[in-house]
1. Mind listing the long-range amide H neighbours of V70? Cut-off is under 5 Å, sequence gap 5 or more, other chains count too, H placed in the peptide plane at 1.01 Å from N.
2. On a 0 to 90 degree scale, rounded to 10, what angle separates helix 186-206 from the longest Cα axis of the chain?
3. Can you give the FRET efficiency to the nearest 0.05 for Q63 and E83, using r as the Cβ-Cβ distance and R₀ = 22 Å?
4. Tell me, what is a quarter of the convex hull surface for the C-alpha atoms of region 99-178, in nm² with one decimal?
5. Determine the dipole magnitude for region 189-231: charges of +1 sit on the beta-carbon of Lys and Arg, -1 on that of Asp and Glu, nothing else is charged, the reference point is the Cα centre, and the result goes in debye to the nearest 20.
6. With everything on Cα atoms, drop me the angle between helix 212-231 and the longest principal axis of the chain, reported from 0 to 90° to the nearest 10.
7. Quote to one decimal, in nm, the extra length available between D106 and K201 on full extension: 0.36 nm per residue of separation minus the C-alpha distance between them.
8. Which order results if S207, S11 are arranged by neighbouring Cβ count within 10 Å, fewest first?
Amino acid sequence: TISKRLETIASYCPQGARVADIGSDHALLASYLLLKGIASHVIAGELNEGPYQAALKQIHTLQARDRASVRKGDGLAVLQPREVDVVCIAGMGGQLIASILEAGIDKLDGVKRLVLQPNVGEEVVRRWFMDHGWELIAETILEEDGILYEILVAERGNPVRPYENKERTKEELLRMGPFLWEQKHPALILKWLNEREKWEKVLAQLSRSDKPEAAQRVREIKAEVEWIDEVI
Ligand code: SAM
């Protein structure tokens, strides 16, 4: 069995797809995709030696190992052109995910779908989609072991479509996630209430400060808290 998080990521990989999992660590997602008969082929990419060795070992245990390839390298550099239909990148910050996509943008020719799970910085990933012609087509958020995870799925298309004709502005929805917002997902509400609580703590600390910058910071944070209250 694998985590609910990886299982949910796998559920966004179409049947029969050739899938690359970049930053695969122990290649658990790639193994699952093969074992469940979801992917026809998998490529597990890893930058670091330890996880790369772990991935090799894991894939070696599989009967379907001839349909898997474990490769060491940075981001999308491990891929040949038009080798996969789907690229998954999970368990890293949104900034790192966006920089991996940016650095390997040529390798995305022929890729039909991106399934990404940023640990933080989801907004950076949504903006990257927007700026590069990828249309966000689905989002979900889930809680596992007390941690909230967001999964963003994109295909080539009209990148502004998810943000059109909504109650909220594009800028707001880039932060919240247009589909998550529409679903009023309980986990999304929880995420922003956590965020709000964090800011309240910072405000309490700042109120004890007599530094001149503190007053400006307090105004900014109050504006942020008000925004959260309005949107949530
Ligand atoms: N994707 C797995 C998951 O979601 O459970 C593993 C996440 S783990 C926190 C992040 C992995 O990405 C690490 O094994 C790390 O070595 C690898 N990594 C970091 N930067 C990378 C890059 N530029 N290219 C490939 N792998 C990278």
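What follows draws every value from the coordinates through simple rules; no lab data is involved. Everything numeric in this text was worked out from a predicted model, so none of it was measured. A quick note on method: Cβ atoms are made from the backbone with ideal geometry, for glycine too, and the neighbour counts reach across all protein chains shown.
1. Close amide H contacts, sequence-distant or interchain: A44.
2. So the helix axis and the longest Cα principal axis differ by about 50 degrees.
3. Details: r = 22 Å, r/R0 = 1.02.
Taking R0 as 22 Å, the efficiency between Q63 and E83 is 0.50.
4. Approximately 5.6 nm², given one-decimal rounding.
5. Working: 9 positive and 10 negative charges, 41 e Å.
For this selection, approximately 200 debye.
6. Relative to the chain, helix 212-231 is tipped by roughly 70 degrees.
7. Numbers: separation 95, 0.36 × 95 = 34.20 nm, distance 4.42 nm.
Taking 0.36 nm per residue and subtracting the Cα distance, the gain is 29.8 nm.
8. Values: S207 9, S11 13.
The most exposed by this proxy come first: S207, S11.
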